[in-house]
Amino acid sequence: MIANLSEIGHKDCGLEGFPLEYLIPVTSRDSIPGEYLGTPIESLLGYHNLGYPLKTYKHAELLIGMCMDYRKHLHIPDNFAYVLRTGGGNLRYSEFKLSYAIAIGGVKAIVLIGHDNCGMVNLMSKKEKFIKGLVENAGWEQSRAEEHFMHFVPMFEIGNEVDFVISEAKRLRLKYPKILVAPMFYGMADKQLYLLKE
Ligand SMILES: [Zn+2]
């Protein structure tokens, strides 16, 4: 098993050029800040990182926003959380669903999970491949594929994985002041959740 990212450093973890100093490893209950203890945020970290026994839930307590990337899987019990998966974990266009989970579903906390090596970073570098792919795989006209790409890039580009979830967490705290919002990070190398220094 791979040690946590902060111990192994950039060389071995595949996070080259990544700001490891922003990641807080969660290796015991003591590493979780007091404001999160006793909340669904502690439960998520406990289930995924710390081997907490899976409890039985009747209703979701948490909403998790995470990237649609297929390389990630969370270890959580049934009925524990709404999970919204989007490109880059971007919830800017999912707000009605968020509001629904809060208003009707009664969730009290939101976790936003970014990850390294995310496809929604530097989208412009993928322009040619994207257009070619839509033309070849979906049967689109070249011009329509190009227009489609250019129209959506500004909405879906996240810039940087860490800064994005931190700024999104701040935005959602202002929008839903009674809801606890925590930005997190999923390490692709060790499959662990990290908290982020804000
Ligand atoms: Zn991603």
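Computed quantities for the displayed model
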read-out	value
Projected label distance in nm at Val153 and Ile24, using a 7 Å step from Cα toward the beta-carbon	3.7
Once exposed loop chymotrypsin sites (Phe, Trp or Tyr not before Pro) are cut out (DSSP; at most 11 other Cβ, 10 Å), longest piece of the chain	94-198
Where Met68, Met188 fall by accessible area, highest first, once all protein chains stay in place (1.4 Å)	Met68, Met188
Cβ-Cβ FRET estimate between Glu35 and Ser167, R0 fixed at 22 Å, reported to 0.05	0.70
Contact order normalised by residue count of the chain, Cα under 8 Å, 6+ apart, percent	26
Most positive-pole-ward Cα, Ile179, Ile41, Leu112, against dipole of the chain from beta carbon charges	Ile179
Between segment 158-198 and segment 107-126, the alpha-carbon center distance in angstrom	9
Solvent exposure ordering (accessible area, 1.4 Å, most first) of Ser99, Ser143	Ser143, Ser99
Reach of Lys132 by Cα under 29 Å, taken over lysines that are not fewer than 8 positions away in the same chain	Lys72
Rounded if a/c under 1.5, otherwise prolate or oblate - segment 17-93, Cα gyration tensor axes	oblate
Heavy-atom accessible area per residue - the chain, 1.4 Å, Å²	54
Relative contact order of segment 118-174, pairs being alpha-carbon contacts under 8 Å that are 6 or more residues apart, as %	45
For His115, distant residues with modelled amide H under 5 Å away	Tyr186
Carbon + sulfur, % of accessible area of the chain - ligands and nucleic acids excluded, 1.4 Å	56
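The values are calculated or read from the model by the stated rules, or taken from the named source; none is laboratory data. All values derive from a computational prediction rather than experimental measurement. Because the Cβ atoms are built from the backbone with ideal geometry, glycine has one as well, and the counts that use them run over all protein chains shown. What goes into the accessible areas is simple: the full protein's heavy atoms, side chains included, and nothing from ligands, DNA or RNA. Shrake-Rupley method; radii C 1.70, N 1.55, O 1.52, S 1.80 Å.
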